[in-house]
Every structure is written in structure tokens, then in C-alpha cells.
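Nothing in this text is a laboratory measurement; each read-out follows from the coordinates by a stated rule. Being a predicted model, the structure only gives us computed values, none of them experimental. With ideal geometry, Cβ positions are generated from the backbone for all residues, glycine too; neighbour counts draw on all protein chains shown.
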Amino acid sequence: MICGRTPEELLCEIQGFHGFVAPGLLIGAFMIDKAYKVIDKTIEADAIVETKHCLPDALQIFTPCTVGNGWLKILDLDKFALTLYDRHTLDGFRIWLDLDKAKNHPNIYNWFMGLVSKKDLPKDILIDAIFKAGSDILSWEKIHVVQYGSREKKGAINVCDLCHEAHAASQGKTCFACQGHSYYDRLVMA
């Protein structure tokens, strides 16, 4: 059992959430399973993930930590690591894919390092290698979170003087988009 699921249930849940069985997400499930074996089961855990690739989805599937509820923070350090920690004491455990250990599992190491093409390493072989390796490719350490540990609460709301959309009052009388900090340009509809 991994995260309380059989391998078949695990793969089905990954595919249903992510759209396909991503090897990184499967490794993430083993990371979370390891974290829950070392962390006190009675704590209310928050999570920090150190990459935006695959691993955040694992946390959202296999823990109650999501971006939407604010219990999951994503730091784009591009390290394949996650932390589960007590939201009150900020003590927890950081788990990562240990490349020295992964070298003992060449298919996993070569895939992760981009040393082999997808056609030369079919996904079914890689998935099987991940199941066989399990948590043997992981390392962990006890940590105390010193940054990003607190939850951001939603603050006061204003209505923009220009577009009349709701926005955080901390942005001022006009929203960031109307102040010129938007990710989009409005197109005129014919």
C-alpha cells in the first residue's frame, strides 16, 4: 500500500487527476507515503513543495493540502523535494529524490536526468522501476520551517474604479490589471 492505496488504485487516481500517469507524480506518492511514516499522525500538516512540476499534484491528491485551501505552498526552486510540517510549531520533515540513491536504479536516474529518450525508455518500464525502487530512492531530514510557513489570509476587498471587478483592497482603488500590471490585453469584440 502506498498512501493507503493499492498500486492499481494509486495509478488510477493519478491518471484521473493529472490526465496521465506521470512518473514524477508516482515518485511523489512514495515521498508522501514516507513523510506520513515519519511525521506525527496527529498534527495538522501543511506542505511546501520545491518544484512546480508534477509534485504539487501529488500533494493535492494524497494529502488535504491544496493551493486553494492555502495549506500547500509552491516554491519554484526546481528541486524534487517536499516538506510536510506542523502548522503550529513549523517542525516537520523534508523528503527529496536522492540522486546518489537513484543511481542504483538506472532507469529512474537516466529518466530524471534526461539521459534517455521517452522512446528508449517506455513509460511502463519506468513505472515498474519506480514501484520496485519505492522509497529506496528517497532521503529525508527533520527540519524547522523558517520562511513561508504561515498562511496568508484573504484580506479586505475593493471594487475597481475602472473595471468594476472585485480585487484585494491592498492594491488600492484600482486593480493591478487596470494599473497596467495585467497578464492580458483586452481585445475589441466585433
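Using a simple charge model, +1 on the beta-carbon of Lys and Arg, -1 on the beta-carbon of Asp and Glu, nothing else, what dipole does the chain show about its Cα centre, in debye to the nearest 20? Numbers along the way, then the final one.
Numbers: 21 positive and 24 negative charges, 32 e Å.
Roughly 160 debye, rounded to the nearest 20.
Think of each Lys and Arg Cβ as +1 and each Asp and Glu Cβ as -1; about the Cα centre, that makes the dipole of region 49-135 roughly 120 debye. Sorting the segments 129-140, 178-189 by their residues' average number of neighbouring beta-carbon atoms within 10 angstrom, most packed first, yields 129-140, 178-189. Candidate membrane-span-like segments in the chain, meaning DSSP H helices with Cα atoms spread over at least 20 Å of their own axis and a Kyte-Doolittle mean of 0.5 or above, are 23-38, with no membrane implied.
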